[in-house]
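For reference, the structure discussed in these notes is given below.
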Amino acid sequence: MKKEYAKNFTPQEMIVVAGSRTLPDKKVVFAGTGLPMVAITLAQLTHGPGIVPVFEAGAVGPELSRGLPLSVGDSRTTYKANYLLGLNSAFELTQRGYCDFGFIGGAEIDPYGNLNSTMMGTFPDGYQKPKVRLPGSGGASDMACSCEQTIIIMVHEPRRFNEKISYVTSPGFLDGSPNARQKAGLVGKGPYRVITTKAILGFDEETSRMKLLATLPGETPKSVQDATGFELIIPSDVIEFEPPTEEEIRLIREQIDPKGYFVAKKIKE
Amino acid sequence: MYWTGLSPDEARQYLANKDKSKKDKRMTLKAAVEKFVNDGDNIGIGGFVNARQPIAIVHEIIRQGRKDLILSFQSAGLAPEYLAGAMAIDPDHLSIKRMELAYFAHEAFGISPLLRYLTENSLVELEDWSNYNMSARFKAASIGLPFIPCRSPLGSDMLQTNRAKVITCPFTERPIMLLPASHPNVALIHVQEADIYGNCRIQGPLYTCPEIAMAAANIIVTCDRLIEYDEMTRYPNRISLPYFAVDAVIEVPFGSYPGNCNGIHYFDEQHIQEFRGLCEKARKGDKAGLKEYYDKYIFGVKNTTEFVNQLPLSQIQHVQKIEPGIRLDAGFTVLE
């Protein structure tokens with residue numbers, strides 16, 4: 001069958017498609033709220049019917065076919081679940097090593113994949129009076145620490161990509177020094193991919209700094225660098241990411257998130 | 001080291017002196033809150049974000065007013081938002097002193113306006129943890145241990161401001177984190193089914209409700225339906241909380257509305273958005289709408305029935321209709 005590429009799609013839909021394609025089949029994927037849930041559902045409906053989603057509120061291995069969950073603790077996460085207890089059991093599975101990927105987002109990221117979802121302002125002095133208070137870790141920091149690898153999704157804007165972030169909520173490669181995670185006592189390997197509205201990024205093995213792997217449709221290595229508040233490693237073999245297919249966009253719009261809870265949200269400037 | 005709520009020794013002593021007899025624990029929600037929620041208490045909030053949150057109990061606390069509360073929860077939305085709204089309207093009637101939390105927002109429905117209001121104006125003291133941390137802290141308390149080891153989030157800035165300690169594991173000689181137990185003075189728990197003695201049967205995700213409850217000194221339970229004791233004990237494995245731990249049982253259908261209660265009703269998205277919108281206006285300085293909301297739905301009514309009665313039946317039927325969870329057979333319910 002010839003592939004038809006979608007003519008129009010939103011930045012969130014692009015993230016969902018890229019996220020979905022990054023997930024291998026038959027892996028256990030710990031899902032953060034929002035776009036990760038949409039991406040996992042798309043993967044289940046396309047190449048990854050064997051993906052086992054884990055929701056921190058307790059549901060493990062459900063079928064996501066009773067409507068898009070609006071919360072990771074919502075009844076829609078429980079349909080045909082293969083295991084269902086509570087938060088402790090979900091995080092215990094993770095700490096034990098059962099979760100291959102954690103799929104999370106954040107408001108701010110640094111070159112080593114450390115994420116902030118707690119506060120903007122000065123830390124620790126301004127902790128009790130932040131400039132902007134964000135929701136807090138939730139389970140993201142637990143996933144970043146103890147899932148085998150982490151996939152991070154971000155809106156790609158210079159103010160969100162900073163050499164130094166206000167607060168480290170979810171650890172990436174920490175200060176980037178050799179074996180920093182291991183030395184800190186962490187068991188998971190750390191960030192695997194950063195999927196943004198402009199690019200797919202990975203991390204340099206030696207320096208643990210963020211590295212451009214692929215540009216999304218309409219972007220160039222320069223436009224990606226211009227939207228990043230720190231210097232990226234840009235190798236010579238950056239590829240252009242394959243655009244979303246009509247089928248992928250149709251599934252997102254008609255089947256997965258028809259009301260546009262997560263894919264139609266306006267990105268705040 | 002300081003403890004909020006009870007220290008492990010105090011918590012142990014409290015249970016030693018507790019009446020554990022099998023007696024009818026039904027009372028009015030008003031009486032339960034009068035008896036078990038005090039100024040300065042550390043309150044353990046059950047549920048998860050906007051699912052199975054103890055909204056009816058929280059509304060009653062707001063009606064009665066309490067000062068200097070400490071709120072402990074993993075992820076919550078509506079319950080702390082309602083309490084924060086009451087504080088925004090009149091801090092002399094209700095005030096929150098401190099929050100020990102992992103997440104306070106509404107997921108798909110947006111961030112919490114009043115978390116921003118309280119923190120950016122420095123009106124509450126904060127202690128940030130992860131979801132696993134808060135859950136494990138309640139678990140440590142529920143199994144009678146003063147602390148529990150945990151691997152996450154080692155390396156996070158959370159450890160600079162919370163009471164976690166990083167030690168070298170005496171066995172592996174690698175760093176490990178220790179979390180202090182959390183023993184709230186009172187746990188607020190909404191469940192689908194309970195019997196008159198306090199046995200509870202939770203359906204769907206348990207969240208951290210059993211641990212929060214067993215960690216606390218006292219437990220207030222609201223349930224969507226009261227079922228006969230014989231029905232409850234037909235499935236002993238399904239009892240999520242044993243009666244001797246529970247202090248008060250109140251049958252409150254829609255006790256976690258407008259949130260989601262597995263098998264009973266889904267989120268009332270319309271009502272949550274309406275309330276959240278008023279909270280956002282209050283954050284920006286216009287509290288009139290929020291005050292009107294509280295006067296209409298909380299202060300102007302005696303209970304959840306009167307709150308929900310003000311909404312069109314079609315709206316209530318809709319949230320029941322779209323609930324995708326399994327409808328369990330309740331068996332025989334308690335008739336009066």
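The values are calculated or read from the model by the stated rules, or taken from the named source; none is laboratory data. Predicted, not measured: the structure shown is a model, and the values here were computed from it. With ideal geometry, Cβ positions are generated from the backbone for all residues, glycine too; neighbour counts draw on all protein chains shown. Calculation scope for accessible area: heavy atoms of the full protein, side chains included, ligands and nucleic acids excluded. Shrake-Rupley method; radii C 1.70, N 1.55, O 1.52, S 1.80 Å.
Net charge around B:A187, counting only other residues with Cβ within less than 10 Å of its Cβ (Lys, Arg = +1; Asp, Glu = -1)? Intermediate values should be presented prior to the final figure.
Numbers: positive: none; negative: B:E211, B:D247.
Its environment carries a net charge of -2.
Just to be sure I understand: with springs between alpha-carbon atoms less than 10 Å apart, which residue in A:P62, A:P135, A:P24 has the highest mean-square fluctuation in the Gaussian network model of chain A?
Between A:P62, A:P135, A:P24, it is A:P135 that shows the largest mean-square fluctuation.
Largest first, please: the extent of the C-alpha atoms of region A:151-269 along each principal axis, to the nearest Å.
Ordered largest first, region A:151-269 gives principal extents of 47, 31, 26 Å.
If you count only protein heavy atoms and use a 1.4 Å probe, how large is the accessible surface of A:Y98, to the nearest 10 Å²?
130
Can you sort B:W3, B:W129 by solvent-accessible area, 1.4 Å probe, largest first?
Numbers: B:W3 85, B:W129 0 Å².
Result of the area sort, largest leading: B:W3, B:W129.
Hey, if you put +1 on the Cβ of every Lys and Arg and -1 on every Asp and Glu Cβ in chain A, which of A:S223, A:M154, A:P258 ends up farthest toward the positive end of that dipole?
So the residue we want is A:P258.
Which value, in nm² and rounded to one decimal, describes the direction-averaged projected area of the C-alpha convex hull of region B:90-190?
Details: hull surface 35.2 nm².
Mean shadow area of the hull around the Cα atoms is 8.8 nm².
Please identify every one of the trypsin sites (Lys or Arg not before Pro) in region A:172-227 that sits in a loop by DSSP and has no more than 11 other beta carbons within 10 Å of its own beta carbon. Write out the running numbers ahead of the final one.
Numbers: sites: A:R181, A:K183, A:K189, A:R193, A:K198, A:R209, A:K211, A:K222; in loops: A:K189, A:K198, A:R209.
Of the trypsin sites (Lys or Arg not before Pro), not one in the loops of region A:172-227 has a Cβ with at most 11 other Cβ atoms within 10 Å.
Using a 10 angstrom cutoff on alpha carbons, build the Gaussian network for chain B and name the most mobile of B:R234, B:R26, B:R12.
Of the options given, B:R234 has the highest mean-square fluctuation.
What is the Rg over Rh value, at two decimals, for the protein assembly as shown, using alpha-carbon atoms and the Kirkwood definition of Rh? Before the final figure, lay out the partial values.
Numbers: Rg = 23.5 Å, Rh = 24.4 Å.
Rg divided by Rh gives 0.96.
What does the accessible area of B:L15 come to, in Å² to the nearest 10, when a probe of 1.4 Å is used?
80
May I ask you to rank B:M1, A:M120 by accessible area, largest first, using a 1.4 Å probe over the protein chains only?
On the way: B:M1 135, A:M120 50 Å².
So the residues, ranked largest to smallest area, are B:M1, A:M120.
Using the Karplus curve 6.51 cos²θ - 1.76 cosθ + 1.60 with θ = phi - 60°, work out ³J(HN,Hα) for each residue of region B:125-141 in order, rounded to whole Hz, and write x for Gly and Pro.
8, 10, 9, 7, 9, 9, 4, 5, 4, 5, 5, 6, 5, 5, 5, 3, 4
Determine the sum of side-chain charges near B:A136: Lys and Arg each +1, Asp and Glu each -1, restricted to other residues whose C-beta is under 12 angstrom from that of B:A136.
Numbers: positive: B:R137, B:K139, B:R151; negative: A:E92, A:D142, B:E211.
With Lys, Arg at +1 and Asp, Glu at -1, the neighbours total 0.
Per 10 Å bin from zero, what fraction in whole % of the C-alpha pairs of region B:8-321 is there, up to the bin with the longest pair?
Using 10 Å bins, I get a P(r) of 6, 27, 35, 22, 8, 1, 0 for region B:8-321.
Compute from the Cα atoms of chain A the Rg and the Dmax, the latter being the longest Cα-Cα distance, and quote both in angstrom.
Both quantities, over Cα of chain A: 17.8, 59 Å.
How big is region B:192-323 in terms of Cα radius of gyration and Dmax, in angstroms?
17.0, 54
Ignoring everything but the protein chains, give the 1.4 Å probe accessible area of B:T304 in square angstrom, nearest 10.
Rounded to the nearest 10, that gives 10 Å².
From the convex hull of the Cα coordinates of region B:174-230, what is the mean projected area in square nanometres? Write out the running numbers ahead of the final one.
Numbers: hull surface 21.8 nm².
Approximately 5.4 nm², given one-decimal rounding.
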